[in-house]
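What follows draws every value from the coordinates through simple rules; no lab data is involved. What you are looking at is a predicted structure, and each value in this text was computed from that prediction instead of being measured. Here the Cβ is made from the backbone with ideal geometry for all residues, glycine too, and neighbour counts use every protein chain on show.
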Ligand SMILES: [Ca+2]
């Protein structure tokens, strides 16, 4: 993720996912990422570990908030700010096609 606003003002991004679909982003573990300072055109890259409590086939709302500030505590999922941008995305929970797991363990007898 990167900002198209290349000015040198301090900016911080947070990513929220409403995992339990209750319309809020304030439940446990729903703040999934917080950037460092993204002054200029700095990029923010990371991985999100989705909890196993989500259901395959469900849609979840993800919100990205990028705000001009140097204090991460200023950035919230809801509220007002002087300068920044908030975008919402709809996530579909799927089973990855390349998911690898053990399906059975068979005793093949002794090897010779
Ligand atoms: Ca929630």
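Computed quantities for the displayed model
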item	result
Additional length obtainable on full extension of the chain from residue 53 to residue 87, 0.36 nm per residue less Cα span	9.8 nm
Computed over the chain: relative contact order in percent, which uses C-alpha pairs under 8 Å that are six or more apart	29
FRET E, pair residue 37, residue 95, Förster distance 41 Å, beta-carbon r, rounded to 0.05	0.65
Kirkwood Rh, angstrom, the chain [1 / mean 1/r, Cα pairs]	16.4
